[in-house]
Every structure is written in C-alpha cells, then in structure tokens.
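Asker: This is the structure I want to talk about, given as structure tokens.
The values are calculated or read from the model by the stated rules, or taken from the named source; none is laboratory data. Only a predicted model underlies this, so the values are computations on that prediction, with no experimental measurement involved. Cβ atoms come from the backbone with ideal geometry, glycine included; neighbour counts cover every protein chain shown.
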Amino acid sequence: MEEEKKSVDSSVDNDKVFAVLSYFWILFILPLVMKKDSEFAVYHAKQGLILFIFSIIIGVASNIPFIGWFIIAPVGGVIGVILFIIGIINAWGGKKQPLPIIGKYADSFKF
C-alpha cells in the first residue's frame with residue numbers, strides 16, 4: 001500500500017510543472033499534448049482551459065462602454081488573478097481541487 005502511494009505521489013511530482021503551466025493562458029495546451037496520459041496534468045489543463053475561456057469572456061465584455069470599463073474589467077480582472085493564483089497553488093501542492101466558481105465546468109470537457 002505504501003509503495004502504491006509513493007508511485008502516485010512521484011507521478012504527481014513529475015507532472016507538477018505541466019500542471020502549473022496550465023494556468024498560464026494558452027499554455028494549458030502543453031499538458032494536453034505532452035502529458036495526455038497523466039490524470040493530474042490533464043485535470044489542471046482542463047481547469048486552465050476554463051480560466052482561459054473566462055479571461056476571454058471578461059476581455060470581450062470589458063469593451064462594453066462604461067459598464068465594461070468600470071465594472072466588468074476591474075472586477076473580472078481581480079477574480080481572474082485570484083483564480084490564477086489558486087490554480088497554481090493547487091497544482092504545485094499536488095491537489096486536484098476545482099477552481100472556485102468556474103472549476104465545475106471543466107468536467108464537461110472530454111479529451
């Protein structure tokens with residue numbers, strides 16, 4: 001049992017860098033291509049994809065005059081940075097924990 005736990009931990013340790021890279025905008029593609037057999041890396045790639053989509057939506061919506069400039073852009077930007085930090089902390093810590101608010105939508109992607 002102890003040996004099985006070590007092998008799972010070592011595979012997570014080997015994939016942490018790719019899991020962290022998943023949260024850097026378009027780099028979520030790297031784990032999907034290079035570590036597609038790693039459940040841990042693919043999980044974080046899906047979370048990174050959701051964060052990427054969120055940032056695109058916020059970017060487009062922030063172009064709406066006044067509401068976008070003064071409400072959507074600042075609030076969405078702060079939320080995006082917070083989610084980015086949470087994702088990196090989870091990935092580096094070896095946790096498979098969904099991002100708050102948007103993380104639940106990542107399960108709908110099948111790769």
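Asker: Return the residues of the range 30-40 that are surrounded by 15 or more Cβ atoms within 10 Å (Cβ to Cβ), more than 13 Å from Pro98 (Cα to Cα) and in contact with a Ser or Thr (Cβ under 9 Å, 6 or more places away or on another chain); say none if nothing qualifies.
Answerer: Leu30, Pro31, Leu32, Ser38
Asker: Restricting attention to the range 61-111, report how many residues are more than 17 Å from His44 (Cβ to Cβ) and outside any helix (DSSP H, G or I).
Answerer: Total meeting the criteria: 5.
Asker: Moving on to the next point. Take Asp15 and decide whether it is modelled with pLDDT under 95, of a type in the set (D, E, K, R), outside any loop (DSSP other than H, G, I, E, B) and in contact with a Lys or Arg (Cβ under 7 Å, 6 or more places away or on another chain).
Answerer: So Asp15 fits the description; yes.
Asker: Among what's in the range 18-53 and is charged (D, E, K, R) and in a loop (DSSP other than H, G, I, E, B), pick the residue that is farthest from the chain's Cα centre (by Cα).
Answerer: Asp37
Asker: Would you check if there is a residue in the range 62-75 being surrounded by fewer than 16 Cβ atoms within 10 Å (Cβ to Cβ) and in contact (Cβ under 8 Å) with a residue 60 or more places away in the chain?
Answerer: There is no residue in the range 62-75 that is surrounded by fewer than 16 Cβ atoms within 10 Å (Cβ to Cβ) and in contact (Cβ under 8 Å) with a residue 60 or more places away in the chain.
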